[in-house]
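No lab work stands behind these numbers, since they all come straight from the coordinates. The structure displayed is predicted, hence computed values, not measured ones. A quick note on method: Cβ atoms are made from the backbone with ideal geometry, for glycine too, and the neighbour counts reach across all protein chains shown.
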Amino acid sequence: METTFLAIAVLFGLGLYIILTHQNLIKIAMGIGVMESAIILLFIIFSYRPGGTAPILDADAQAYDLIVDPIPQALSLTAIVIGAATTALMLALIIKIYNRYNTLYIDEIKKLKG
Amino acid sequence: MDTPVLLIALPLLTAFSLGIIKIFSKKMVKVVTVISATVHLALIMSVVREAMQRPIVYHLGDWDNLLGISLVIDSFSAMMALLIGVLAYAVIIYSLVYVDFHELKYYVLSFLLIAGVMGMSLTGDLFNLYVFFEIVSITSYALVAIKEEKASFEGAFKYLVMGMLSGAFVLLAIILTYQVTGALNFAQVAANFGDAPMLVRQTIFVFFLIGFGTKFCLVPLHAWLPDVYCGAPASFNALSSGLVIKASLYAFIRIVYLLFGMTTGISQVMIYWGVLTFLVAHILAYQQESLKRLLGYSSIAQIGYIMLAIGLGTESGIIAGSYHLFNDGLMKATLFLGVGIFSYTVGASKIDDLKGLGFSMPKVSFAVVIATLAIIGLPPFNGFISKWLILQAAWETEYIVAAFFVPIGSLLSLGYYLKVIKALYSRAEGELEVKPIDWKLRVPTYVLSAACLVMGIIPNLSLALITNIPKFLLDSSNYINLLLGR
């Protein structure tokens, strides 16, 4: 369990590091994607119960001792949709910026701006 | 009665039907926009009047209040709803003339933005809050870029990166809260949150502070705002400064009071950070040449005052803070709409470009000057009353240092706003040819600036709505019982 949390923390930190240090707009978009994935993984880890089954009632109505928590899974779906929308918008903006400046690097854009 | 949900559903419905309407008739788009905005304002008025008598709780889809999502309209939400209604209506009327680029897209995005802001202020569910928060953010990014100038794309990209970071932190805080309380409903979260370990609670507070703080521009996180405002259309600036920032601040205040209560530690963080925010913002605003940047920094400064007042954690502090929140919405919208008129008619974007406009456009300039004086905090305008209340509240709770800096901040803002007034009323070299201004641009500006004066002379009008706010904020059990229907 601890190693999973560590992996998530590393992913989150990696995403943040890419956003803060890289010059390329596409790489910034990728960094944001990595960070979002880390959060969604956290959702899944929180809902996970070792040995739990899916929270679906079937006709036999057998009693479940242990089910995984369905709410974070539902929430992570919403979060993925929001993330997809924002990423699409961001890539569209990057295309527009590229058409204006013919470069993807923040430094050169600043230089062109004067 | 299903009116509360219509406050969110109507703008959503309008946004999505506008595209279909355009296929049939292009002229109908503006007609439908105006009709929908008018109906929306009327609905808000009726809901607010009802909520003033008794707070409203509405269960979406008639689900049980622990399973489903509830809308809660107490005094604080009602005040936000009223502010949203008035500003959104004024801005929609203004946009009919001002927006001559991508009209359909502009209206679709604006209505989505209004629905999102409304949802943020009414919802009683933590995750629902996040969804509306992201709706507001995504529509804002698109609205910033809508003019398709170089500055707007850069501003939009900067805004987007900062917004994604803030969204990530808010989401993290929400999932941690869910993990320790096992619920997302505000009432259950608030009731169970006290059992969580101290360390987890502090982490959650910091995440909420970073997440929402980026959106409402706490000082080290504010850098995106001036760049964004430069490239955006003035009508969006009015919506953003008046509603988007305020809604994020509202959500933060609501969460802090419900989850943590105003303990001494949190109180001190908010007070001194508020003071720092408005001092830094005032000093930065002083160096600006561009009008929109200046107003942007001034927006940040007002957030500082509200943080300070709300952070006091007393009844008078909350009343002062929420009153200033309401007033600042009115004043900033007036200023941005006025500046929008200047840039629309004569292309003025810098303070120096304003020279002589006070004589060629006397009425609009007068409206702008009224809002300027109000935001500095001079009597008899509304800004004076709310700043005075903040000063008094800080003095009562013996935060003398904070109280001392409130008039200092006003002095600093006098410094840079006087530059604007002076430029307006100094003679220009050549004769300025000014074409007549359409009434759709003028009337919203006049109405909002008149509201600044009326609120200053008769503060009881809005104070009646505000006096009940501390009841639901200070004692969270009131809010919990309201939401659970006890």
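Pull out a ≥ b ≥ c, the square roots of the eigenvalues of the alpha-carbon gyration tensor of the range B:108-251, then state rounded if a/c is under 1.5, prolate if not and a/b is larger than b/c, and oblate in the remaining case.
Verdict is prolate for the range B:108-251.
Averaged over all directions, how much area does the convex hull of the C-alpha atoms of the range B:181-319 cover when projected, in nm²?
9.0
Given Cα pairs under 8 Å that are at least 6 residues apart, what percent is the relative contact order of the range B:128-266?
The value is 34 percent.
Spin-label point model (7 Å from Cα, Cβ direction): what's the A:MET30 to A:THR3 distance in nm?
Simple spin-label model gives 2.6 nm for this pair.
Which shape class applies to the range B:264-467: rounded if a/c is under 1.5, otherwise prolate when a/b exceeds b/c and oblate if not, where a ≥ b ≥ c are the square roots of the Cα gyration tensor eigenvalues?
Judged from the Cα gyration tensor, the range B:264-467 comes out prolate (a/c at least 1.5, a/b above b/c).
Determine the alpha carbon to alpha carbon distance for each of B:LYS215/B:LYS422; B:LYS158/B:LYS419; B:LYS332/B:LYS387; A:LYS27/A:LYS111 and list only those over 23 Å.
B:LYS215/B:LYS422; B:LYS158/B:LYS419
Between B:PHE359 and A:SER37, take the C-beta separation as r, use R0 = 45 Å, and let me know the FRET efficiency to the nearest 0.05.
0.15
Taking chain B, how much of its Cα-Cα pair set, in percent, is spaced more than 31 angstrom apart?
Value for chain B (Cα pairs over 31 Å): 39 percent.
What angle do you read, to the nearest 10 degrees and between 0 and 90, between the alpha-carbon axis of helix B:126-145 and the longest principal axis of chain B?
20
Residues in the range B:109-148 near a label at B:ASP100, defined as backbone nitrogen under 12 Å from the 7 Å Cα→Cβ point?
Answer for this model: none.
Between Rg and the Kirkwood Rh of the range B:1-56, both from Cα atoms, what is the Rg to Rh ratio?
Across the range B:1-56, the Cα-based Rg/Rh ratio is 1.11.
Distance in nm between label sites at A:VAL81 and B:VAL454, each 7 Å beyond Cα in the beta-carbon direction?
Here the modelled spin labels are 4.1 nm apart.
Semi-axes of the equivalent ellipsoid of chain A: what are they in whole Å, largest first, if each equals the square root of 5 times a C-alpha gyration tensor eigenvalue?
41, 17, 6
Compute the label zone of B:GLU429 within the range B:332-373: residues whose backbone N is under 15 Å from the point 7 Å along Cα-to-Cβ.
B:352-356
Could you calculate the contour length gain from B:ASP64 to B:GLN202, that is, 0.36 nm times the residue separation minus the distance between their Cα atoms, to one decimal place in nm?
46.5 nm
Can you pull the mean other chain C-beta count within 10 Å for peptide B:161-169?
Counting other chains' Cβ atoms within 10 Å and averaging over B:161-169 gives 6.
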